[in-house]
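Presented below is the structure to which this report refers.
The values are calculated or read from the model by the stated rules, or taken from the named source; none is laboratory data. Quick caveat: nothing in here was measured; it's all calculated off a predicted structure. With ideal geometry, Cβ positions are generated from the backbone for all residues, glycine too; neighbour counts draw on all protein chains shown. What goes into the accessible areas is simple: the full protein's heavy atoms, side chains included, and nothing from ligands, DNA or RNA. Shrake-Rupley method; radii C 1.70, N 1.55, O 1.52, S 1.80 Å.
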Amino acid sequence: LKKIKSFSSLKFKSWSYFVLFALSILLLLQFFQSILFEQSYKGTLEKEIKSLTTQIENIYFKSEDQSIAIQQVNEIVSKNQICVLFYETSSGQTTCFDATNTDENAIYVDGKINFNFINELKDSSKNTIIEIGQLNELSTKSIMVYGIKQIINEQEYYIFGNIALENTEYLYRTVQNQFIIISIIIMILAILISVIFSTMIAEPILSIKDEANKISTGDYNLNFEKYDINELDELAETIDIASKEVEKVDVYRKEFLANVSHDLKTPLTMIKAYAEMIKDISGENKEKRNEHLNIILQETDNLTKLVGDILNLSKYQDGTYQINFNAFSITSVINEATSRFKTMVKQDGIKILTNVQDNLIAYGDKERITEVLYNFVSNGLKHIGEDKTLTINAYISDNQMIRVEVIDHGCGIDEELLPYIWDRYYKIDKSYQRSQTGTGLGLAISKAILEAHHVGFGVESKINSGSTFYFELEQFNSNK
Ligand code: ADP
């Protein structure tokens, strides 16, 4: 397994890609060179013989001093191992400068002119000819002959340049040998660069990995260095943010577990105590027994609600839950909820005021929206102010949405804590006072439901003067 692992490591991969890249470039070069070498060699030689021939022609005809001119021409000819022949057409007079061997000359051998080229130039519609190949029976080499027709001093001249081609096979091999050395150098460079490059990337990744590993041990204080590679710095930052999130959830979860186990244990203890009391003492006394049974029933309800909340939230959050969109009267949902809450809080002297427009028909999941409303109202009642008044408004807002508001004048929420109250398990009051605190799940559930409806929601709150929790709903439009 370790072997396979090292094959898929960043180092091995970048190394192999670099080498592959260098190899393919070398192969490509090699391929083109083998095709183009001969062609480009001939091209170079053609340029050479053309330029040398014209150069000699210029020196020969334009120079003041004939003997100096001849000397210069001989120098060029012997330096370049060529032969240049001047042929005056009307008199047949020839002048030749030659530095070639017999088997390298196709135009002038042993004092004899090869008339093939002269005839060819005569017949040609152009003023120049160029011939390449085995142009002489004696020759063992390829020869290139370049010819020009020219009128000089009112006389017509044919001027020929002759150059032998080196054995291209031999030249090609020389270049190949050089190419092998260059290839070896390039491969070594490719390996070196890839090793440096992969180390440059792999090292920081490994150090990020080591740092991120701390999360699994419960250490959320990560310290990433600056790597000077944007993507890696961003990766480190993302892991850092994620670890802070995990830490937050971890803290909430611990608090939640403490709360829940406390909240589960208290009703169970009460249920057990009252059941024992009925068994031992109040079983015969109908009035007492009923009172105790009622407490047992109420505690059972509390337990059921708690367990229900936990189940609901996990259902909303793992995405298995589907919203059932339907048209429903939010007006009657609010009215029903209000009357139910009113009977519950009657003896505490709490007033619930409603300003609800008649017949507001919303489009959404009636059951879930009712749950949100209950959460907002019960939170409002838990944090009711000294005026002991809770107000519920529902109206069409400027953006043509139905807006539902639940307003209390209680303790309010610190501005800094506002973003957190929608997190699961979050509770501002960390004490385990049962009457005041819930599970910390109510607003998280509400948020999940409202987000699934894709509507606006939120809270406006001021410390010591109260909070307004609101959500919006789409109006039902029968034309849709
Ligand atoms: P809980 O079960 O604790 O009420 P919620 O998710 O419903 O959980 O609310 C989260 C926290 O937000 C509560 O613990 C409470 O501190 C705060 N909160 C919610 N509603 C109000 C309100 N109307 N006034 C002040 N604080 C509120």
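Residues in the stretch 125-158 that are open to solvent by less than 30 Å² (accessible area, probe 1.4 Å) and under 17 Å from Leu85 (Cβ atoms): Ile129, Asn136, Ser139, Ile143, Met144, Val145, Tyr146, Gly147, Ile148, Ile152, Tyr158. Exactly one residue among Ile352, Ile384 is within 16 Å of the ligand (Cβ to nearest atom), assigned to a strand (DSSP E or B) and more than 28 Å from Tyr316 (Cα to Cα), and that residue is Ile352.
Please indicate, with yes or no, whether at least one residue in the stretch 55-78 is among the acidic types (Asp, Glu), assigned to a helix (DSSP H, G or I), farther than 22 Å from Ile151 by Cβ and more than 60 Å from the chain's Cα centre (by Cα). Yes, the stretch 55-78 contains a residue that is among the acidic types (Asp, Glu), assigned to a helix (DSSP H, G or I), farther than 22 Å from Ile151 by Cβ and more than 60 Å from the chain's Cα centre (by Cα).
The listed residues are Asn213, Asn223, and the only one of them that is farther than 24 Å from Arg424 by Cα, loosely packed, with under 13 Cβ neighbours inside 10 Å, among the polar types (S, T, N, Q) and modelled with pLDDT of 90 or more turns out to be Asn213.
The rows are residues; the columns are (1) open to solvent by less than 90 Å² (accessible area, probe 1.4 Å); (2) out of contact with any helix residue (DSSP H, G or I) (no Cβ under 9 Å at 6 or more places or on another chain).
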| residue | (1), (2) |
| --- | --- |
| Phe12 | yes, no |
| Val19 | yes, no |
| Glu38 | yes, no |
| Thr44 | yes, yes |
| Lys47 | no, yes |
| Lys50 | yes, yes |
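Asp210 meets each of the listed conditions (1) in contact (Cβ under 8 Å) with a residue 60 or more places away in the chain; (2) assigned to a helix (DSSP H, G or I) apart from (1).
The single condition among (1) β-branched (Val, Ile, Thr); (2) within 13 Å of the ligand (Cβ to nearest atom); (3) closer than 23 Å to Tyr316 by Cβ; (4) in a strand (DSSP E or B) that Val377 does not satisfy is (4). Does Thr354 satisfy the criteria of being open to solvent by 40 Å² or more (accessible area, probe 1.4 Å) and hydroxyl-bearing (Ser, Thr, Tyr)? Spelling it out, Thr354 is indeed open to solvent by 40 Å² or more (accessible area, probe 1.4 Å) and hydroxyl-bearing (Ser, Thr, Tyr).
Inclusion of Leu171 among residues that are within 19 Å of Glu38 (Cα to Cα) and in contact with a strand residue (DSSP E or B) (Cβ under 8 Å, 6 or more places away or on another chain) is not warranted.
Residues Thr391, Thr331, Thr338: which one is assigned to a helix (DSSP H, G or I), at pLDDT 95 or above and open to solvent by less than 60 Å² (accessible area, probe 1.4 Å)? So the residue among Thr391, Thr331, Thr338 that is assigned to a helix (DSSP H, G or I), at pLDDT 95 or above and open to solvent by less than 60 Å² (accessible area, probe 1.4 Å) is Thr331. Of the numbered criteria (1) at pLDDT below 90; (2) open to solvent by 80 Å² or more (accessible area, probe 1.4 Å), the one Gln55 fails is (1).
Name the single residue that is modelled with the lowest pLDDT among those in the stretch 1-37 being closer than 22 Å to Thr174 by Cα and aromatic (Phe, Trp, Tyr). Among them, the one singled out is Phe37. The residues of the stretch 256-290 that are at pLDDT below 85, of a type outside the set (S, T, N, Q) and either surrounded by 15 or more Cβ atoms within 10 Å (Cβ to Cβ) or under 15 Å from Leu306 (Cβ atoms) (or both), listed by number, are Phe256, Leu257, Ala258, Val260, His262, Asp263, Leu264, Lys265, Pro267. For the stretch 291-328, what are the residues that are among the charged types (D, E, K, R) and open to solvent by 50 Å² or more (accessible area, probe 1.4 Å)? If the condition is that a residue be among the charged types (D, E, K, R) and open to solvent by 50 Å² or more (accessible area, probe 1.4 Å), then Glu291, Asp301, Lys305, Lys315, Asp318 are the ones that fit. Reported count of residues in the stretch 357-374, each being within 16 Å of the ligand (Cβ to nearest atom) and of a type in the set (Lys, Arg), is 1.
Here Thr100 qualifies as within 20 Å of Lys50 (Cβ to Cβ) and in a loop (DSSP other than H, G, I, E, B). Annotation note: Cβ proximity below 6 Å between a residue of the stretch 85-109 that is more than 21 Å from Gln150 (Cα to Cα) and a residue that is hydroxyl-bearing (Ser, Thr, Tyr) (sequence gap 6+ or interchain) occurs for Ala99/Ser78; Asp103/Ser139; Asp103/Thr140; Val109/Thr102. The residues of the stretch 167-181 that are touching a residue at least 24 places away in the same chain (Cβ under 8 Å) and either loosely packed, with under 13 Cβ neighbours inside 10 Å or hydrophobic (A, V, I, L, M, F, W, C) (or both), listed by number, are Asn167, Leu171, Val175, Phe179.
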